[in-house]
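A.B. asks: Have a look at the structure that comes next, please.
The values are calculated or read from the model by the stated rules, or taken from the named source; none is laboratory data. Please read these numbers as outputs of a predicted model, since none were measured by experiment. Cβ atoms come from the backbone with ideal geometry, glycine included; neighbour counts cover every protein chain shown. In case anyone asks, the SASA skips ligands and DNA or RNA and just uses the protein heavy atoms, side chains included. Shrake-Rupley method; radii C 1.70, N 1.55, O 1.52, S 1.80 Å.
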Amino acid sequence: MKKILFLLGISSSVLGQTKPTYYEHIQPIIAKNCVVCHRPGGVGPFNLLTYEDVSKRSKFVAKVTQIKYMPPFPADRNFQHYANERGLKDEEIELIQQWVAHGSMEGKKEESVKGKSRPGAQQKVSDGLGIIEGITKRVPDLTLKMQNAFTIPATGVEEFRYFHVPTGLTEDVMVEAIEFLPGNRKVVHHSRVMVDTSGRMAGLEGMHGADPKLAEFQRIPMADEFLYGWVPGNDRIQFPDGVAKKIKANSNLILYLHYSPSATVQTDQSQINLYFSQKPVKREVKSLILHEQQITNPPFLIKANEKPTFYMSLGPLKEDISAISILPHMHFLGKTIKAFAITPEGDLVPFIKIDNWDFNWQMTYQFDTLLRIPKGSVLLAEASYDNTEENPLNPFKPPRDTTFGWNTTSEMMEMVIYYVSYQPGDENLKQISDKK
């Protein structure tokens with residue numbers, strides 16, 4: 001009881017003896033940290049756009065923010081900082097607690113203060129749909145949909161499918177932001193977007209990932225093996241000013257989609273939004289992909305009832321680079337993952353450290369500032385897995401030997417790093433996660 005009174009005393013002091021209200025104290029917090037997912041078409045299971053949305057779930061919001069379950073952000077911020085970090089400050093968590101304790105008061109909705117928008121009132125979020133309740137975003141320069149809606153059968157098994165998406169581009173474009181919008185969030189689990197310039201991939205349309213004919217297409221090199229990847233929890237990628245991905249004229253996109261098992265017939269027609277650079281582009285974004293072929297203690301076999309750790313190595317680098325972001329990927333047996341670089345002088349450049357891997361919440365982590373990785377550096381990663389009955393997410397009871405595969409009942413160990421060639425001053429180039 002004394003502890004509660006003490007906290008109340010702190011809050012009342014902080015708030016100047018006023019009771020917190022939604023529009024003055026809570027809405028800016030929700031808009032900044034929650035609306036990006038809790039909106040129509042977002043990954044959140046309900047909307048948090050209005051006072052009514054939030055107030056009817058106020059006790060739930062107070063609980064999940066108090067225990068720091070929400071907003072989710074799996075990466076260790078003591079290991080590295082990111083431009084797209086999510087998380088509430090202690091004083092913001094306490095504000096929500098006190099708002100609920102005092103009856104979740106609505107307060108006065110102010111449209112503007114002295115001719116200027118009140119902070120938080122017009123938060124910009126990526127909804128991919130245009131305008132929601134005055135929340136605006138930039139319209140994509142090019143929206144590309146799957147050519148046809150795909151029907152996911154009610155077989156209760158995973159579907160892995162390739163789709164061929166013509167761009168219609170008649171000239172090269174420089175893309176500063178990329179966004180994937182699942183057409184059916186019930187079944188779209190993740191996607192990978194690639195670029196083809198050969199003009200020979202149309203036959204991939206709708207092809208199953210296990211189709212023997214796929215080998216014919218896999219012999220054709222992609223112009224870009226990783227334009228973008230979407231997983232639950234991910235948002236669009238926004239590159240720094242003057243930095244962009246190039247997509248050449250007459251290119252076509254190749255989508256590789258993973259559909260979750262469904263007990264009912266579902267359809268999907270997902271889309272990709274491209275945002276062209278609004279400023280002159282001086283540097284082109286490239287991708288480094290670390291995957292199972294770089295494992296230094298093969299084979300990548302996770303035996304039943306064991307908890308192995310695997311290590312990857314790539315390098316030495318042939319040039320100085322500046323890392324923009326990193327996207328790690330594992331499945332249900334994954335438990336921890338860490339990646340970093342070791343410079344020729346023996347210094348460590350931290351990328352990411354996740355101590356509690358969550359398959360259902362994965363992100364592209366954009367570094368707070370560009371990270372310089374000198375020529376001669378080696379990129380290293382380590383990941384641990386739990387293939388025992390102690391792992392509640394283990395797909396098999398009892399456990400089975402598991403090796404590499406796209407299916408979630410198999411495993412992966414992959415990381416994708418966006419980067420540009422280094423230029424002096426990159427270390428001070430602050431990133432923003434999304435200009436919207």
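A.B. asks: Modelling each spin label as a point 7 Å along the Cα-to-Cβ direction, I'd like the Asn297/His102 distance in nm, to one decimal.
C.D. replies: 5.5
A.B. asks: Now for a different question. With every protein chain kept in the model, how would you rank Glu382, Glu159 by accessible area, 1.4 Å probe, largest at the top?
C.D. replies: Glu382, Glu159
A.B. asks: Note down the net charge around Phe300, summing +1 for each Lys or Arg and -1 for each Asp or Glu among other residues with Cβ under 12 Å from its Cβ.
C.D. replies: Overall, the nearby charge balance is -3.
A.B. asks: Under a Cβ-only charge scheme (Lys and Arg +1, Asp and Glu -1), can you give me the dipole magnitude of the chain about the Cα centre, in debye to the nearest 20?
C.D. replies: 1080
A.B. asks: If you put +1 on each Lys and Arg Cβ and -1 on each Asp and Glu Cβ, how big is the dipole of segment 204-336 around its Cα centre, in Debye rounded to 20?
C.D. replies: So the dipole magnitude of segment 204-336 works out to roughly 300 debye.
A.B. asks: When you take every Cα atom in segment 371-436, what is the radius of gyration, and what is Dmax, the widest Cα pair distance, in Å?
C.D. replies: Gyration radius and largest Cα-Cα distance of segment 371-436: 19.1, 54 Å.
A.B. asks: Can I ask one more? Considering only protein heavy atoms and a probe of 1.4 Å, how much of the accessible area of the chain is carbon and sulfur, as a whole percent?
C.D. replies: 51
A.B. asks: Now for a different question. Which whole-percent values make up P(r) of segment 304-436 when all C-alpha to C-alpha distances are grouped in 5 Å steps starting at zero?
C.D. replies: 2, 10, 18, 20, 16, 12, 10, 7, 4, 1, 0
A.B. asks: Give me the net charge of Phe163's neighbourhood, meaning all other residues with Cβ under 14 Å from the Cβ of Phe163; Lys, Arg count +1, Asp, Glu -1.
C.D. replies: That sum, taken over residues with Cβ under 14 Å, equals -2.
A.B. asks: Once phi is turned into θ = phi - 60°, what whole-Hz ³J(HN,Hα) does the Karplus curve with 6.51, -1.76 and 1.60 give for every residue of segment 24-35, x standing for Gly and Pro?
C.D. replies: 3J(HN,Hα) across segment 24-35, in whole Hz: 7, 10, 9, 4, x, 5, 5, 4, 6, 10, 10, 5.
A.B. asks: Which whole-Hz ³J(HN,Hα) couplings does segment 340-357 yield from phi under the Karplus relation 6.51 cos²θ - 1.76 cosθ + 1.60, θ = phi - 60°, glycine and proline marked x?
C.D. replies: 6, 10, 10, 7, x, 7, x, 7, 9, 10, x, 9, 7, 8, 10, 8, 9, 4
A.B. asks: Counting other Cβ atoms within 10 Å of each Cβ, which trypsin sites (Lys or Arg not before Pro) in segment 307-350 have at most 16 and sit in a DSSP loop?
C.D. replies: Hits after loop and neighbour filter: Lys318.
A.B. asks: Mind scanning Lys32/Lys430; Lys307/Lys353; Lys68/Lys375; Lys145/Lys279; Lys59/Lys397; Lys335/Lys375 and naming the pairs with a C-alpha gap bigger than 29 Å?
C.D. replies: Result: Lys68/Lys375; Lys59/Lys397; Lys335/Lys375 exceed 29 Å.
A.B. asks: Treat each spin label as a single point 7 Å out from the Cα along the C-beta direction, and report the Asp401 to Lys56 distance in nm.
C.D. replies: The answer from the label model is 5.4 nm.
A.B. asks: Scan around Ile321 for amide H atoms under 5 Å from its own, H built in the peptide plane at 1.01 Å from N, and keep only partners 5 or more places away or cross-chain.
C.D. replies: Result for Ile321 returns Ile373, Lys375, Tyr422.
A.B. asks: Express the accessible area of the chain per residue in Å², computed with a 1.4 Å probe while the remaining protein chains stay in the model.
C.D. replies: I get 48 Å² per residue for the chain.
A.B. asks: Just to check I understand the Karplus step: with θ = phi - 60° and J = 6.51 cos²θ - 1.76 cosθ + 1.60, what whole-Hz values come out for segment 395-405, glycine and proline as x?
C.D. replies: Using θ = phi - 60°, the values come out as x, 10, 10, x, x, 10, 4, 10, 9, 5, x Hz.
A.B. asks: For a distance above 32 Å, tell me the whole-number percent of Cα pairs in the chain that qualify.
C.D. replies: Value for the chain (Cα pairs over 32 Å): 44 percent.
A.B. asks: Ok, one more. Would you calculate, for the chain, the mean residue ellipticity at 222 nm contributed by helices, counting each DSSP H stretch of 4 or more residues as -39,500 (n - 2.57) and dividing by all residues, to the nearest 500?
C.D. replies: -3000 deg cm²/dmol
A.B. asks: Let me ask you something else. Near the amide H of Glu179, under 5 Å away, which other amide H atoms are found, from residues 5 or more places off or on another chain, if H is placed in the peptide plane?
C.D. replies: The list, which skips near neighbours in sequence, is Asn273.
A.B. asks: Where Lys and Arg each count +1 and Asp and Glu each count -1, what net charge lies around Phe79 among other residues with Cβ under 14 Å from its Cβ?
C.D. replies: Value of the local net charge: -2.
A.B. asks: Something else about it: How far apart, in nm, are two points set 7 Å out from the Cα along the Cα-to-Cβ line at Glu216 and at Lys63?
C.D. replies: Going from the Glu216 label point to the Lys63 one covers 5.6 nm.
A.B. asks: Another question, if that's okay. Give the residue from Gly203, Ala223, Leu49 lying farthest towards the positive end of the charge dipole for the chain; charges sit on Cβ (+1 for Lys and Arg, -1 for Asp and Glu) and the dipole is referred to the Cα centre.
C.D. replies: Leu49
A.B. asks: Leaving ligands, DNA and RNA out of it, rank Phe404, Phe46 by accessible area with a 1.4 Å probe, largest first.
C.D. replies: Phe404, Phe46
A.B. asks: Taking the Cβ-Cβ separation of Asp90 and Glu427 as r and a Förster radius of 35 Å, what is the calculated FRET efficiency to the nearest 0.05?
C.D. replies: 0.70
A.B. asks: Something else about it: For segment 311-354, take every pair of Cα atoms, bin their distances at 10 Å starting from 0, and report each bin as a whole percent.
C.D. replies: Calculated P(r), rounded to whole percents: 20, 54, 22, 4.
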